[in-house]
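Derivation of every value follows stated rules applied to the coordinates shown; laboratory data play no part. If you're wondering where the values come from, they're calculated on a predicted model, not measured in any experiment. Heads up, the Cβs are rebuilt from the backbone with ideal geometry, glycines too, and the neighbour counts pull from every protein chain shown.
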């Protein structure tokens, strides 16, 4: 199936129903479908080449998302632009990924306008919600474009999503995902998040739709469900909208869940409609996961994926978090579940050999979910996909029940005195302390050990704990080798736009200090 076919399936199931709700405004399937057809027909009339690139620079907004649907309907490639990225980063992405048409909200016009001359590959600028002297509004640009559904030929390996990587190791690379890889993700999600007896999901999109929340809304739409769109992350709005619209599912990164758990009155909020609270994109504290299950109920669903294998490598279903009505073991809760039956996942050593269950190595993935490659970067593609295997850069192992565990990023492993220390194991212990909201464990230069284990800790508001207490806790649970040699407290950890802690930014300051001493 083409990715737009999933919207059209929901359109046929529920033509007059609400596809999206934003604020007090409901958008029916007929309304959104017709607008997406008009956008696609206009794009086709421009006679852009196959797999031409279209970017949408916007916050969470239904009309902006419909521009993405129109790009897909024309079988073009969508470039997600995160509005919280810097202007220079977005300019780099638009230019490097050869974007030819840019849709943007008027709220970002003052950023887009000064860079127009530098965007030499952009042939068409469209302001979604206003007529500007230098860019027509979406309504003006569409003119009399037909709302008849166009028939557009496609192949399963056509690129329909060109996603920037996080850029945590340099400038972002463009990940080419296709109808095939997105179909594998969507099929996996639809079988994992089931609804019975004609029930229709209600999805809440609070996280950026330019990231996981956008793709995770598509399975809901494929079932004729409704997506409630929040313009920005707001815990109070989340609580209100879950109860008001009887939301059944949403996705949040762990860092946002941690903050949600601290919202006053969260334990009394109405989450009775929830079936699936999806978490992922970063490791989750087991202790905070237990607290989340206590507050939200047995609806937590973990997952593991990468931009290069979108959101579909493995899943820990809600029922797997429990055993006989009680919480499952910490070992199971710390896993990312069983692997997607539609793909093959193995643990490999540095020589590319598959290791037995229980042994640690690099997580490698093979199957239709794997990206086509990095845009205009065959060398990096060849480094990452070897003999058909995507080398994720994540270190992990399978446990005795063949559930997958992610130990750490390969580049984050600390070698101290000849011993390997995986930061995530130390972080799990630190997270268990009630005063700790979030933390990051890194290796810093040390004359004796080569690298020393350092913890950088963000505390819950109004709570205190000493460095000595946290070090003692880690020594008790993990032994002296893995325990931090030092602890720094910080008001707010540096994070990517997807909510991941940027350990490279933390490491950089300590390694630069060491170099200045040389």
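Helix 467-478 and the longest principal axis of the Cα set of the chain meet at an angle near 90°.
With respect to the chain, whose longest principal axis is taken over its alpha-carbon atoms, helix 286-296 is tilted by about 50°. Approximating the spin labels as points 7 Å out from Cα along Cα→Cβ, the residue 268-to-residue 243 distance works out to 0.9 nm.
Would you work out the relative contact order for the stretch 49-191, in percent, from Cα pairs under 8 angstrom that are 6 or more residues apart?
Relative contact order comes out at 23 percent.
How many angstrom separate the Cα center of the stretch 133-150 from the Cα center of the stretch 263-304? About 42 Å separates the Cα centre of the stretch 133-150 from the one of the stretch 263-304. Computed from Cα atoms, the angle from the helix 87-96 axis to the main principal axis of the chain rounds to 70 degrees. I'd like the distance between the alpha-carbon centres of the stretch 337-378 and the stretch 8-69, rounded to an integer number of Å. Centre-to-centre (Cα) distance: 34 Å.
Overall form of the stretch 4-252: rounded. Here a/c, set by the Cα gyration tensor axes a ≥ b ≥ c, is under 1.5.
To the nearest 0.05, what FRET efficiency results for residue 508 and residue 323 with a Förster distance of 35 Å applied to their C-beta separation? Walk me through the numbers on the way to the answer.
Numbers: r = 43 Å, r/R0 = 1.22.
In this case the efficiency is close to 0.25.
Over the stretch 342-409, Cα pairs under 8 Å with separation of 6+ residues give a relative contact order of 31 percent. Among 495, 244, the order by Cβ neighbours within 10 angstrom, fewest to most, reads 244, 495. Tally the DSSP beta bridges in the chain and give the antiparallel ones as a percent, rounded to 5. Once the DSSP bridges in the chain are tallied, antiparallel ones form about 60 percent. The DSSP beta bridges internal to the stretch 416-517 are antiparallel in roughly 75% of cases.
Remark: relative contact order (the stretch 32-125) = 31 percent; criterion is Cα-Cα distance under 8 angstrom and separation of 6 or more residues.
Distance from the alpha carbon centroid of the stretch 426-440 to that of the stretch 224-242 works out to 29 angstrom.
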